[in-house]
Amino acid sequence: MAHELYTRTNQKIFFAGLALESMAKAKESRAMNAQGLEQAERESAVFHLYGALLGLCHEIAGFYRLPQANSPRAEDLLTPQVLEAIAIPEMGELVELAQQRETWLAQLLASYNALFQPPRAPKKPKGDVTQPLIIAVGGDESAEPVLTREEMESWRQQLKGLAIRFREGLSEC
């Protein structure tokens, strides 16, 4: 394997695709552990998508010889402080996407960081006997949405498109 920075990005995008395919197979499976397999592949896809993002950040940082080029976290490179040192259009676009919560990139970063959070038990109403028997529970809290395969495939395609577009601009003629 070549030791170019782009090879890691390509590899992670490919691995994310494999995880998404396996996730679809697990969802269709009638095995007893199908739900567990689907969750495992979902987490694997998020892990590899984050790795692809980090690889793309390393490509850009390596091309421009940024001091943060070896950072182990994409969030360290996707800050306005990195852009203050040197204005990099590719990094600027990634920073802007990362800072807007509704974008696919911000959702990817949030999903990756959620992998490291402990599970939370649902809130239960208190058992106070002075309260009425019928209590509205959970009206103000919404269930955590589950990442779909289609959503993650969309993230993968977006990341792949950015990598291709950025590489065209980074290549020296």
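In the stretch 28-36, the condition of being surrounded by 15 or more Cβ atoms within 10 Å (Cβ to Cβ) and charged (D, E, K, R) is met by no residue. Close contacts from the stretch 75-97, counting a first residue that is more than 13 Å from Ile60 (Cα to Cα) and a second that is assigned to a loop (DSSP other than H, G, I, E, B), with Cβ to Cβ under 7 Å and a gap of 6+ residues or different chains, come to Asp76/Gln68; Leu97/Thr103.
Restricting the stretch 1-27 to residues that are exposed (fewer than 15 other Cβ atoms within 10 Å of the Cβ) and of a type in the set (D, E, K, R), the residue that is modelled with the lowest pLDDT is Glu4.
When Gln131, Gln117, Gln107 are checked against the criterion of being at pLDDT 80 or above, part of a loop (DSSP other than H, G, I, E, B) and of a type in the set (S, T, N, Q), Gln117 stands alone in meeting it. When each of Leu37, Leu83, Leu53, Leu66 is tested for being within 17 Å of the chain's Cα centre (by Cα) and either part of a helix (DSSP H, G or I) or not β-branched (Val, Ile, Thr) (or both), the lone residue that passes is Leu53.
The values are calculated or read from the model by the stated rules, or taken from the named source; none is laboratory data. Predicted model, so just to flag it, every value in this text is computed and none were measured. Heads up, the Cβs are rebuilt from the backbone with ideal geometry, glycines too, and the neighbour counts pull from every protein chain shown.
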